[in-house]
Amino acid sequence: MLEVFATRMVRSINGRPVRFLLDTGATHVALSADLARELDLELGPSSLSRTANGLVETRGARLQRVDVSGIELYDIRASVLPNMAGDEVLLGM
């Protein structure tokens, strides 16, 4: 049986504080289109992704720097979901 763990934390993307939802059942980083605009992310073309909620429209983006508890990662691939609500970033494994 697969167990999924989720917890919330405040960290940063490109130096800007954001709230992450760490989800061990997710495979990618995902964020809302509103937050992507606030972070001034350049978006790629539209595509479809399969999620726990079915097929959804997404746009690709690159996060220059992600800081999670002092661990800095660079050039991270992310999915921007136009219909995602809220300002939390889904931090997948």
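Taking only C-alpha pairs under 8 Å that are 6+ residues apart, what is the relative contact order of the chain in percent?
The normalised contact order for the chain reaches 38 percent.
State the percentage of accessible surface on the chain attributable to carbon and sulfur atoms; use a 1.4 Å probe and exclude ligands, DNA and RNA. Present the calculation step by step, with values, prior to reporting the outcome.
Working: 3160 of 6200 Å².
Percent of accessible area from carbon and sulfur atoms in the chain: 51.
Put a dot 7 Å past each Cα toward the Cβ at Arg62 and Thr24; how far apart are the dots in nm?
For Thr24 paired with Arg62, the spin-label model returns 3.2 nm.
Mind listing the long-range amide H neighbours of Val29? Cut-off is under 5 Å, sequence gap 5 or more, other chains count too, H placed in the peptide plane at 1.01 Å from N.
Correct list: Ser79, Gly92.
Return the label of the correct value of volume of the Cα convex hull per residue in Å³, as calculated from the structure shown, out of [x] 111; [y] 121; [z] 96.
[z]
What number comes out for accessible area per residue over the chain if the probe is 1.4 Å? Units Å², please.
Working: 6200 Å² over 93 residues.
Spelled out: the 1.4 Å probe surface of the chain, per residue, equals 67 Å².
At 222 nm, what value in deg cm²/dmol follows for the chain if DSSP H runs of at least 4 each add -39500 (n - 2.57) and the sum is divided by all its residues, to the nearest 500?
Values: 1 runs with 6 residues, N = 93.
My calculation for the chain gives -1500 deg cm²/dmol from helical runs alone.
The values are calculated or read from the model by the stated rules, or taken from the named source; none is laboratory data. These numbers were taken from a predicted model, which means no experiment stands behind them. So basically every Cβ, Gly included, is an ideal-geometry build from the backbone, and we count neighbours across all protein chains shown. Only protein heavy atoms, including side chains, enter the accessible area calculation; ligands, DNA and RNA are left aside. Shrake-Rupley method; radii C 1.70, N 1.55, O 1.52, S 1.80 Å.
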